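Take a look at the structure below.
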Amino acid sequence: MSAVTSAAISAGASVDLWVDEWAKDANCSGQDPEALFVRGKAQHAAKAVCKTCPVLAQCLAEALDSRTEFGVWGGMTERERRALLRKRPDITSWKSALQAGMAAQGG
């Protein structure tokens, strides 16, 4: 299992169900969106919102698959996501990869 999948699962992502319409279930859904598009130390607070998010993996998969450049998504900063994309250029669908990892962990 990848470190990303482990992080997503240990951060509270649901292993029983992949939710395609995930945004409404996100911990950040009722917050000011600008709080997730910050720089420097403020990113730590933004990432803290993600730690117990039930749709962390779905959020991260969307950001990675769409190459979202700014903000904290799925518990990762833009710098962390860029590094992951460079490290794993072989993954063409992060949604499929994380979904498979969650299924393997759950069963």
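Name the one entry in Ala8, Ala45 that is surrounded by fewer than 17 Cβ atoms within 10 Å (Cβ to Cβ), assigned to a helix (DSSP H, G or I) and at pLDDT below 95. Break it down stepwise before answering.
Working: Ala8 fails: surrounded by fewer than 17 Cβ atoms within 10 Å (Cβ to Cβ).
Ala45 is the lone residue from the list that is surrounded by fewer than 17 Cβ atoms within 10 Å (Cβ to Cβ), assigned to a helix (DSSP H, G or I) and at pLDDT below 95.
Scan the helices (runs of 4 or more DSSP H) fully inside segment 50-106 and keep the ones with 2 or more residues being surrounded by fewer than 17 Cβ atoms within 10 Å (Cβ to Cβ) and touching a residue at least 40 places away in the same chain (Cβ under 8 Å).
Details: elements: 56-65, 78-87, 94-106.
By residue number, 94-106.
The values are calculated or read from the model by the stated rules, or taken from the named source; none is laboratory data. Since we're looking at a predicted model, the values are computed, not measured. A quick note on method: Cβ atoms are made from the backbone with ideal geometry, for glycine too, and the neighbour counts reach across all protein chains shown.
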